1. If I go through the stretch 83-111 residue by residue, how many of them are at pLDDT 90 or above, acidic (Asp, Glu) and open to solvent by 80 Å² or more (accessible area, probe 1.4 Å)?
2. So how many residues does the stretch 56-98 have that are of a type outside the set (A, V, I, L, M) and under 27 Å from residue 115 (Cα atoms)?
3. With the checklist (1) open to solvent by less than 60 Å² (accessible area, probe 1.4 Å); (2) of a type in the set (Phe, Trp, Tyr); (3) touching a residue at least 12 places away in the same chain (Cβ under 8 Å) in hand, flag the one item residue 41 doesn't pass.
4. Surrounded by 16 or more Cβ atoms within 10 Å (Cβ to Cβ) and farther than 15 Å from residue 127 by Cβ - does that describe any residue in the stretch 75-82?
5. With the structure loaded, tell me whether residue 50 is farther than 24 Å from residue 134 by Cβ and part of a helix (DSSP H, G or I) or whether it fails that test.
6. Mind telling me which of the residues 75, 106, 126, 133 ends up being free of Cβ contacts under 8 Å to residues at least 24 places away in the same chain, within 22 Å of residue 1 (Cβ to Cβ) and polar (S, T, N, Q)?
7. Which residues, taken from the stretch 50-69, are within 23 Å of residue 124 (Cβ to Cβ) and either touching a Leu at 6+ places or on another chain (Cβ under 9 Å) or touching a residue at least 60 places away in the same chain (Cβ under 8 Å) (or both)?
8. Only one of 33, 22 is among the acidic types (Asp, Glu), part of a helix (DSSP H, G or I) and modelled with pLDDT of 95 or more. Can you tell me which?
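The values are calculated or read from the model by the stated rules, or taken from the named source; none is laboratory data. Keep in mind that this is a model prediction, so the values were computed, not measured. For neighbour counting, all protein chains shown are included, and Cβ atoms are generated from backbone atoms with ideal geometry for every residue, glycine included. Surface areas here come from the heavy atoms of the whole protein model, side chains and all, with no ligands, DNA or RNA. Shrake-Rupley method; radii C 1.70, N 1.55, O 1.52, S 1.80 Å.
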Amino acid sequence: MRISARADYAVRAALQLAASQDEGPLKAEAIADAQDIPHKFLEGILGDMRRGGLVLSRRGGNGGYRLARPAAAISIADVIRVVDGPLVSVRGVRPPDLSYTGPAESLLPLWVALRANVREILDGVSLADVASSALPADVAALAHAPGAWTNP
């Protein structure tokens, strides 16, 4: 599974907004500078997040972006889905819409299991969890498992 630059930037921007939720709206330039994200690219991402109901925007001198809901009510999966679509697909098709035959028949339940695990993790972690460095115990355990940080 690959996380696109667009998804990575969107999550980082959302985390920046989560960390400053009590300080009022943030301008796109401030988010871009704080997270080292190209400003024009971020503007498009923030537009998608606004249309997806994750952020609100306000124009003017005191304007900017803020989360549409509390950070604890927005999962990492919510952000990724808004900017990139489904979390797991095979050739752009969702696993339940695939079919295989012969020796490849067992691929379908494998892809479905992969999708279920990705969803379980990303739906189970909120912006508030990450912003406060308090990952759920099961996710933290996976990250600390032997071999988690090494490439095979």
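1. Total satisfying the criteria: 1.
2. Narrowing the stretch 56-98 to residues of a type outside the set (A, V, I, L, M): 57-66, 69-70, 75, 78, 81, 84-86, 89, 91-92, 94-97.
Going one step further and asking which of them are under 27 Å from residue 115 (Cα atoms), we end up with 69-70, 75, 78, 81, 84-86, 89, 91-92, 94-97.
So the answer is 15.
3. Exception for residue 41: condition (1).
4. To start, the set of residues in the stretch 75-82 that are surrounded by 16 or more Cβ atoms within 10 Å (Cβ to Cβ) comprises 75-82.
Pick out the ones that are also farther than 15 Å from residue 127 by Cβ and you get none.
Taking every residue of the stretch 75-82 in turn, none turns out to be surrounded by 16 or more Cβ atoms within 10 Å (Cβ to Cβ) and farther than 15 Å from residue 127 by Cβ.
5. On the way: farther than 24 Å from residue 134 by Cβ: yes; part of a helix (DSSP H, G or I): yes.
So residue 50 fits the description; yes.
6. Numbers: 75 fails: free of Cβ contacts under 8 Å to residues at least 24 places away in the same chain; 126 fails: free of Cβ contacts under 8 Å to residues at least 24 places away in the same chain; 133 fails: within 22 Å of residue 1 (Cβ to Cβ).
Matching residue, one of 75, 106, 126, 133: 106.
7. In the first step, residues of the stretch 50-69 are kept if they are within 23 Å of residue 124 (Cβ to Cβ); the result is 52-55, 67-69.
Scanning the stretch 50-69 gives 54, 55, 67, 68, 69.
8. On the way: 22 fails: modelled with pLDDT of 95 or more.
Selected residue: 33, the only one of 33, 22 that is among the acidic types (Asp, Glu), part of a helix (DSSP H, G or I) and modelled with pLDDT of 95 or more.
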